[in-house]
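The values are calculated or read from the model by the stated rules, or taken from the named source; none is laboratory data. Computed from a prediction, not measured in an experiment: that's the story for all the values here. Methodologically, a virtual Cβ is constructed for each residue, glycine included, from the backbone with ideal geometry; neighbour enumeration extends over all protein chains shown. For accessibility, only protein heavy atoms count, side chains too; no ligands or nucleic acids. Shrake-Rupley method; radii C 1.70, N 1.55, O 1.52, S 1.80 Å.
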Amino acid sequence: MHPEFPQDGIIHLNHAAVGPWPRRTEDAVCRFARENVVHGSRDYPTWLRHMEATRELARSLIGAPAASDIAFVKNTSEALSMVAFGLDWKPGDNVVFPAGEFPSNRVVWLEAARRYGIEAREVPVDAEPEPALLAACDSRTRLLATSAVRYDSGMRIDVQALGVELRARGILFCVDAIQHLGVLPFDAQGCDADFVMADAHKWMLGPEGIGVFYVNPEVREQLTLQEYGWNMLAHAGDFANPGIAPATSARRFEPGSPNLLGIHALNASLGLLLETGLDTIDHEIREHWLYLADGLRARGCEILTPPGRRAGILTFRPPVQDLEGLYARLQGRGILCALRGGGIRFAPHFYLTRAQLDQALEELDAALGCTD
């Protein structure tokens with residue numbers, strides 16, 4: 001068992017929903033709480049420096065040019081809303097996104113279409129989604145939005161291929177990376193992304209209520225701010241200054257007091273990921289994925305995730321009719337997973353051991369009623 005994850009009575013295969021904290025994140029939160037109890041706000045300047053150090057860790061994870069290009073947000077939905085309702089849409093514009101996206105990356109575009117008189121083009125996609133998405137774009141397409149990895153099937157989208165073509169056409173590119181960051185290396189610059197956002201509470205192994213938001217500095221001022229407060233101002237901290245000019249950095253998207261508790265937790269979790277190495281994490285998750293896929297096929301399960309496009313999610317259809325019943329039995333046996341995409345979704349992270357994967361498969365046998 002990995003020393004950072006002393007889990008008891010569970011095999012955590014649900015990182016695509018809500019991931020567990022590592023031990024160091026628990027320790028960081030407890031230390032921060034203790035500082036507040038014992039010293040109050042005495043160490044606030046130190047906490048702010050810690051926030052900027054966390055911004056740099058997030059920059060490394062996303063592949064942003066500078067830490068100043070990273071804003072801290074409450075969640076992915078908030079960042080998507082900043083994009084959807086911050087652009088200066090014109091009647092006749094359209095936004096393109098894949099059908100079947102997680103609701104966060106769907107409802108904002110449908111509401112933007114209703115509010116601004118634009119067209120929301122929800123594009124049916126198959127095993128090769130990129131050509132269909134690009135074919136749906138035309139001279140009035142303002143933005144294409146997609147998840148980097150599908151939440152249901154776990155299919156990885158070729159964001160680099162999309163980004164290169166969209167940049168050539170002058171179309172903005174928005175990437176929901178919540179199922180990618182913490183699984184695979186990501187390069188916001190390399191895929192020509194204009195907006196990238198993700199919550200911390202899945203593969204990043206952090207808490208809910210804190211997320212990261214990258215905005216390409218070349219398009220930052222294209223977003224009209226929807227929220228104003230003291231912290232997003234160019235002169236934040238100079239409370240008597242009457243000016244309302246926003247910060248030129250991504251801090252302009254952070255209107256009020258920061259979530260320092262969440263930031264301390266995120267710092268610890270990102271530190272573990274980067275210390276382990278994203279290439280190492282990618283390798284370990286790939287090995288877990290392949291091992292589980294082989295074991296599932298041997299039990300008569302159909303693998304729904306395209307192997308050549310895998311990230312961390314492994315969705316499968318077991319040889320039973322009662323999916324909900326099987327899911328409930330697995331949960332009851334401590335195998336944390338999810339019902340998604342017409343099957344059961346496993347989402348193993350790097351720290352799991354082969355013995356834990358074997359135990360998960362054994363518990364699946366028992367749940368299927370086909371133990372050896």
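Show the residue pairs meeting these rules: Cβ distance below 7 Å; 6+ apart or different chains; first residue within the stretch 94-107 and touching a residue at least 40 places away in the same chain (Cβ under 8 Å); second residue of a type in the set (G, A, S) and assigned to a loop (DSSP other than H, G, I, E, B).
V96/A136
Give the stretch 89-124 a look and list any residue that's touching a Pro at 6+ places or on another chain (Cβ under 9 Å), part of a loop (DSSP other than H, G, I, E, B) and open to solvent by 20 Å² or more (accessible area, probe 1.4 Å), or say none.
Hits for the stretch 89-124 are A99, G100, G117, P124.
For the list (1) free of Cβ contacts under 8 Å to residues at least 60 places away in the same chain; (2) open to solvent by 30 Å² or more (accessible area, probe 1.4 Å), I need the number of the one condition that A127 fails.
Here A127 meets the rest and fails (1).
Report, by residue number, each residue of the stretch 102-121 that is under 27 Å from R340 (Cα atoms) and in contact with a strand residue (DSSP E or B) (Cβ under 6 Å, 6 or more places away or on another chain).
Within the stretch 102-121, N105, W109, L110, A120, R121 meet the criteria.
Is there any pair linking a residue in the stretch 269-288 that is surrounded by 16 or more Cβ atoms within 10 Å (Cβ to Cβ) to one that is among the basic types (K, R), with Cβ under 9 Å and at least six apart or on different chains, and which?
Close Cβ pairs satisfying both conditions: S269/R24; G271/R24; L272/R24; I285/R310; R286/R310; H288/R354.
Restricting attention to strands (runs of 3 or more DSSP E) lying wholly within the stretch 151-266, give those where 2 or more residues are over 30 Å from R340 (Cβ atoms), touching a Ser or Thr at 6+ places or on another chain (Cβ under 6 Å) and open to solvent by 60 Å² or more (accessible area, probe 1.4 Å).
Filter on the stretch 151-266 gives an empty set.
Quick one: which residue in R150, R156 is at pLDDT 95 or above, under 27 Å from E119 (Cβ atoms) and under 16 Å from the mean Cα position of the chain (by Cα)?
Only one candidate qualifies: R150.
G342 fails exactly one of the following numbered conditions: (1) open to solvent by less than 10 Å² (accessible area, probe 1.4 Å); (2) on the phi > 0 side of the Ramachandran plot. What is the number of that condition?
G342 satisfies all of (1) open to solvent by less than 10 Å² (accessible area, probe 1.4 Å); (2) on the phi > 0 side of the Ramachandran plot except (1).
Name the pairs: first residue in the stretch 236-251 and at pLDDT 95 or above and among the acidic types (D, E), second residue open to solvent by less than 50 Å² (accessible area, probe 1.4 Å) and not in a helix (DSSP H, G or I), Cβ to Cβ under 8 Å, at least 6 apart or on different chains?
none
Whether any residue in the stretch 205-214 is out of contact with any Phe, Trp or Tyr (no Cβ under 8 Å at 6 or more places or on another chain), in contact (Cβ under 8 Å) with a residue 24 or more places away in the chain and over 30 Å from K90 (Cα atoms) is what I want to check.
yes
Only one of these is at pLDDT 95 or above and open to solvent by 10 Å² or more (accessible area, probe 1.4 Å): G312, G300. Name it. Before the answer, list the steps.
On the way: G312 fails: open to solvent by 10 Å² or more (accessible area, probe 1.4 Å).
Matching residue, one of G312, G300: G300.
So is R142 buried (at least 22 other Cβ atoms within 10 Å of the Cβ) and on the phi < 0 side of the Ramachandran plot or not?
no
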